[in-house]
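Heads up, the thing below is written out as structure tokens.
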Amino acid sequence: MENGTKRSRFLRLLLVSAVVIAGILLVDKFFIQNLKNSRVNLINVALIYYFSVAGMYLMLGLGGCMSMCSIAVMGLSAFVCGFTNTKLGWPLFPAMLCGILSSVILCAVVGSLLMKLDGRAFMFGTMALVYIGTSVFQNFSAFTGGPNGTSGISKLTLFGKTFSTFKSWFVLLAIACYLLILLLHRIKNTSFGRSLMAARDDETAAYSLGVNVYRTKLLAFIISGVFSGIGGALYAVHNGTISASLFSFTTQQSFIIMLMLGGVMSPVGALFGSILVNYLPEIARSAGTYLNMLYGALIVLLMIFMPMGLAGLLKNQYQKLRKLLTGKRKKTTAKESA
């Protein structure tokens with residue numbers, strides 16, 4: 001019985017994956033290839049940002065901790081990748097792995113200290129890390145190139161294909177985001193994910209159930225660092241050029257809006273939130289200097305009308321529609337019985 005259930009789940013996963021990949025290929029052929037390069041770049045960057053937003057989903061949605069340092073971790077990975085590739089002459093894949101490893105080390109060291117703090121102190125501690133990172137990225141010229149940044153990063157070559165244009169990147173990034181969503185769903189359903197959610201809901205109750213809250217949240221922080229590290233390495237290779245201005249607290253604020261707009265409890269919603277928020281400046285170009293005011297108003301409206309984001313709104317509407325249809329069906333059955 002159990003083997004049959006596992007087999008049916010696996011077949012369902014294969015079917016869904018085939019449909020998703022086919023959908024990505026169709027979007028690429030009929031939509032992405034017909035867009036301007038600047039707009040494709042916005043979509044690609046949104047997909048890369050999703051890796052950091054996914055780390056925030058893990059920390060906030062499942063763990064209840066507001067981590068505000070994703071952009072600093074992402075920046076470290078990007079600059080380490082760029083430095084080892086352009087200055088040390090490393091091949092691209094080892095350089096990217098080195099960038100991701102640097103993010104893991106940073107999160108392990110910083111997390112082991114910050115996880116001892118309560119919620120608000122933890123949040124401010126991670127915010128401080130962003131400002132430290134910004135200062136280092138701007139002033140440590142030997143490592144980051146200073147105001148000029150790092151340029152000349154090698155192009156990615158995978159399975160004999162060189163990703164030399166923005167349009168060639170879309171399918172790879174979209175499939176990577178889909179795999180990340182599957183991983184997040186898997187994490188949520190593991191004992192680690194359940195322990196993390198138990199610690200989010202009530203730390204005292206979690207302790208009584210044998211959950212090591214400190215170790216669980218530290219592991220979640222390190223995993224979120226892995227996601228941000230992958231995003232940073234991809235950003236460096238995708239753009240070929242990186243500068244300190246890209247990894248500021250302003251971008252971190254955008255990450256928060258992406259997660260809130262899409263849905264704090266939904267990985268899929270967070271992905272659509274990332275695309276919408278990153279594409280918003282292109283849509284609202286006429287707003288100009290008022291764009292930050294629009295962001296602020298958007299946050300206020302989200303907190304009032306959609307505290308669980310677009311995913312939560314759609315879920316509520318679906319449940320209401322389902323109850324309505326179920327009620328009508330019961331009434332029809334009752335009339336027929338009478």
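Worth a mention:
- Check on G225, under 22 Å from D118 (Cβ atoms), of a type outside the set (S, T, Y), within 14 Å of the chain's Cα centre (by Cα) and assigned to a helix (DSSP H, G or I): yes
- Complete set of residues in segment 184-195 that are farther than 17 Å from F272 by Cα and in a helix (DSSP H, G or I): R186, I187, K188, S191, F192, G193, R194, S195
- None of T162, T204 is out of contact with any Cys (no Cβ under 9 Å at 6 or more places or on another chain), of a type in the set (S, T, N, Q) and in a helix (DSSP H, G or I) except T204.
- Matching residues, segment 198-221, being surrounded by fewer than 18 Cβ atoms within 10 Å (Cβ to Cβ) and in contact (Cβ under 8 Å) with a residue 40 or more places away in the chain: D201, Y214
- Taking residues in segment 164-176 that are without any contact (Cβ under 8 Å) to a residue 60 or more places away in the chain, and partners anywhere that are among the aromatic types (F, W, Y) and part of a loop (DSSP other than H, G, I, E, B), not one pair has Cβ atoms closer than 9 Å while being at least 6 places apart or on different chains.
- Some residue of segment 251-260 being closer than 28 Å to P147 by Cβ, at pLDDT 75 or above, not in a helix (DSSP H, G or I) and not aliphatic (A, V, I, L, M): no
- Some residue of segment 31-44 being closer than 23 Å to M127 by Cβ, surrounded by 14 or more Cβ atoms within 10 Å (Cβ to Cβ) and not polar (S, T, N, Q): no
- Criterion: of a type outside the set (A, V, I, L, M, F, W, C) and under 18 Å from Y235 (Cβ atoms) - qualifying residue of G99, G64: G99
- Within segment 70-156, helices (runs of 4 or more DSSP H) holding 1 or more residues that are of a type in the set (D, E, K, R) and under 30 Å from M59 (Cα atoms): 119-139
The values are calculated or read from the model by the stated rules, or taken from the named source; none is laboratory data. Quick caveat: nothing in here was measured; it's all calculated off a predicted structure. Glycine gets a Cβ as well: all are built from the backbone with ideal geometry, and neighbour counts include every protein chain shown.
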